[in-house]
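Colleague: Provided herewith is a single structure, encoded as structure tokens, for subsequent inquiry.
Throughout, read-outs are computed from the coordinates displayed, never taken from laboratory work. Since the structure is predicted, the reported quantities are computational estimates derived from the model, not experimental observations. Virtual Cβ from ideal backbone geometry, glycine too; neighbours counted across all protein chains shown.
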């Protein structure tokens with residue numbers, strides 16, 4: 001059984017009319033311009049990453065104090081999808097009542113921001129006003145509570161933390177894909 | 001799977017096809033290391049890459065412009081004792097790289113080279129001066 005055939009056409013462009021290379025220098029020059037633009041973009045991405053624009057750097061670390069000075073929150077302004085981080089809430093002695101601290105967190109702490117565990121272990125956690133009210137055992141000294149986050153999705157998520165009876169603290173957390 | 005994907009991955013490999021081979025290898029690992037350790041997950045990923053390769057290879061055969069975009073074009077580096085300086089600089093190729101390819105051909109010095117061409121697969125082809133008219 002014979003196979004289909006077609007005549008050879010000398011279609012490959014030549015250098016000096018002798019070497020069939022098929023080079024397209026016009027295309028190559030345009031490609032070099034494009035390449036330079038892409039290299040600039042690559043360097044900008046590296047610089048942005050070193051500065052923390054994609055999380056875990058200078059621009060991503062943030063600290064916010066509550067309006068009445070009861071809470072001081074250290075967190076990552078820019079998180080990464082499915083990457084662990086710690087959100088620390090420092091609570092002043094005025095928040096301690098009868099050896100306990102209560103801290104309310106909005107629902108976004110659990111679902112999009114993926115709270116994995118709370119340190120120390122709360123005495124109780126109760127669903128309340130669309131969020132969770134944690135109760136911790138505490139002495140009169142300043143205390144801190146850590147939330148181990150591991151975002152389960154990406155986007156921009158508001159988070160509110162509040163010691164009942166004080167002003168709420170509103171955060172905005174960006175989760176990179 | 002590699003046999004099905006085609007014969008081109010081999011000696012004629014372009015950078016694009018290099019990536020393809022490593023990509024298939026990497027995806028094979030997903031059935032062992034990722035959260036979704038299922039065989040079906042790895043299989044579907046590999047088959048998807050194979051299908052994309054088939055489609056890209058099929059378009060490349062039919063479109064010169066697409067081939068230029070995916071694989072680039074050969075670039076002449078040396079032409080009858082003249083360095084193509086712009087091409088060398090832009091492709092980040094040193095004269096030592098050309099001489100290394102020339103030695104591979106059994107040539108002793110740069111002035112024995114007729115043409116040196118950076119091929120689409122990243123290799124430097126050297127044509128001796130005596131073969132060039």
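Colleague: Enter the angle in degrees (range 0 to 90, nearest 10) between the Cα long axis of helix A:25-51 and the first principal axis of the Cα atoms of chain A, meaning the one along which they spread out most.
Modeller: 10
Colleague: Return the single residue from A:77, A:56, A:30 with maximal mean-square fluctuation; model: Gaussian network over chain A, springs between Cα atoms under 10 Å.
Modeller: Of the options given, A:30 has the highest mean-square fluctuation.
Colleague: So, by mean Cβ neighbours within 10 angstrom, what's the order for B:49-56, A:100-107 with the highest one leading?
Modeller: The packing order, highest mean first, is A:100-107, B:49-56.
Colleague: Ordered by packing density, taken as the mean number of other Cβ atoms within 10 Å over each peptide's residues, highest first, how do B:76-88, B:58-70 rank?
Modeller: So the order, starting with the most tightly packed, is B:76-88, B:58-70.
Colleague: Could I ask something else about it? Mind checking B:74-80 for the average number of partner chain beta-carbons within 10 Å of each residue's beta-carbon?
Modeller: Neighbouring Cβ atoms belonging to other protein chains average 4 per residue here.
Colleague: When only C-alpha pairs under 8 Å and at least 6 residues apart count, what is the relative contact order of chain A, in percent?
Modeller: 21
Colleague: Quick check: pseudo-label points 7 Å beyond the Cα along Cα→Cβ at residue B:108 and residue A:98, how many nm apart are they?
Modeller: A separation of 10.1 nm, rounded to one decimal place.
Colleague: Step by step: find N for the range A:1-132, compute 2.2 N^0.38 Å, then divide the Cα radius of gyration by it. What's the final number?
Modeller: Against the compact-globule rule of thumb, the ratio is 2.18.
Colleague: Just for the Cα atoms in the range B:75-128, what are the lengths along the principal axes, largest first, rounded to whole Å?
Modeller: 27, 22, 15
Colleague: Roughly how crowded by other chains is peptide A:22-28, in terms of the mean Cβ count from those chains within 10 Å of each of its Cβ atoms? Present the calculation step by step, with values, prior to reporting the outcome.
Modeller: Working: counts 7, 7, 7, 6, 1, 6, 9.
So the per-residue partner count for this stretch is 6.
Colleague: Quick one: if you stick a label point 7 Å off each Cα along the C-beta vector at residue B:90 and residue A:17, how many nm between them?
Modeller: 2.6
Colleague: Evaluate Rg over Rh across the protein assembly as shown, taking Cα atoms for both radii and Kirkwood's formula for Rh.
Modeller: My calculation puts Rg/Rh at 1.22.
Colleague: Another question, then. Defining a contact as two alpha carbons under 8 Å apart and six or more residues distant in sequence, what relative contact order in percent does the range B:75-128 show?
Modeller: 39 percent.
Colleague: Then there is this: Which residues does the label zone of residue B:81 cover in the range B:110-130, counting backbone N under 16 Å from a point 7 Å along Cα→Cβ?
Modeller: What the label zone holds, given the 16 Å backbone N cut-off, is B:110-116, B:128-130.
Colleague: Between residue B:41 and residue A:25, with labels modelled 7 Å along Cα→Cβ, what's the label distance in nm to one decimal, could you check?
Modeller: My value for the distance between the label points is 5.2 nm.
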